[in-house]
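The values are calculated or read from the model by the stated rules, or taken from the named source; none is laboratory data. Keep in mind that what you see is a predicted model, and the values were worked out from it rather than measured. Here Cβ is always computed from backbone atoms with ideal geometry, including for glycine, and neighbour counts include all displayed protein chains.
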């Protein structure tokens, strides 16, 4: 049976800039340099920043609805993820010029596979951002970064609109990078959970909303 989806609503995102910064000159650092700063103790695990397109960017604050949705989503996914995949919560993934810390990642492998490195795009079967105040960011700059990296399955749990938005089929060469497929599932619907092209179950949108 084909899942009914709501038409997506257009949002205003700059068509030319993948990630915008101040008009003042900025110094971009590589992922390798970012790792060196962490190893040297210049940056700590509790510092509220992440590396996006070579820039150290403050993380969005997490309000109670965000935390609740994140916990509900993790619990729901944990029930259906099969052997051979690992659930990671607010942990880094390593991209070419970024090291974001998504709310939820389902990666192929086991926990010890990532004891010396973070998952790369090839490892990531599902990536989810929970969006409240960060909605424009998660459906704008973050979406472009994930599309450019080739993240094949990107969800946004849209708290303000009580939906889950599913982005698939990344188009890296577009300007800006984007996803060819965008589906929006309402609170009355269930989202098919796909891992590397295989459906492993469904997730009720209402089950993960705060």
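Once region 107-117 is narrowed to residues that are under 24 Å from residue 69 (Cα atoms) and surrounded by fewer than 23 Cβ atoms within 10 Å (Cβ to Cβ), the residue that is nearest to the chain's Cα centre (by Cα) is 108. Go through region 162-210 and report how many residues are within 19 Å of residue 69 (Cα to Cα), outside any strand (DSSP E or B) and touching a helix residue (DSSP H, G or I) at 6+ places or on another chain (Cβ under 8 Å). So the answer is 9.
The residues listed here are 32, 78; of these, the one that is exposed (fewer than 13 other Cβ atoms within 10 Å of the Cβ), at pLDDT below 95 and in a helix (DSSP H, G or I) is 32.
Out of the residues in region 92-132 that are closer than 11 Å to residue 146 by Cβ and in a loop (DSSP other than H, G, I, E, B), which is modelled with the lowest pLDDT? Looking at residues that are closer than 11 Å to residue 146 by Cβ and in a loop (DSSP other than H, G, I, E, B), I get 98. List the number of the failed condition for residue 84; all other conditions in (1) touching a strand residue (DSSP E or B) at 6+ places or on another chain (Cβ under 9 Å); (2) modelled with pLDDT of 80 or more; (3) more than 23 Å from residue 184 (Cα to Cα); (4) surrounded by 15 or more Cβ atoms within 10 Å (Cβ to Cβ) hold. Condition (4) is where residue 84 drops out. When region 156-195 is filtered for residues that are touching a residue at least 40 places away in the same chain (Cβ under 8 Å), exposed (fewer than 15 other Cβ atoms within 10 Å of the Cβ) and within 21 Å of residue 80 (Cβ to Cβ), the ones remaining, listed by number, are 186, 192. Of all residues in region 56-74, those that are in contact (Cβ under 8 Å) with a residue 24 or more places away in the chain have Cβ atoms under 7 Å from Cβ atoms of residues that are in a helix (DSSP H, G or I), 6 or more apart or on another chain, in 60/137; 69/208; 72/207; 72/208; 73/208.
For residue 91, the criteria (1) without any contact (Cβ under 8 Å) to a residue 40 or more places away in the chain; (2) crowded, with 18+ Cβ neighbours inside 10 Å hold in every case but one, which is (2).
With under 17 Å from the mean Cα position of the chain (by Cα) and farther than 23 Å from residue 62 by Cα as the only criterion, which of 159, 151 stands out? Before you say what the answer is, go through the steps one by one.
On the way: 159 fails: farther than 23 Å from residue 62 by Cα.
Among 159, 151, only 151 is under 17 Å from the mean Cα position of the chain (by Cα) and farther than 23 Å from residue 62 by Cα.
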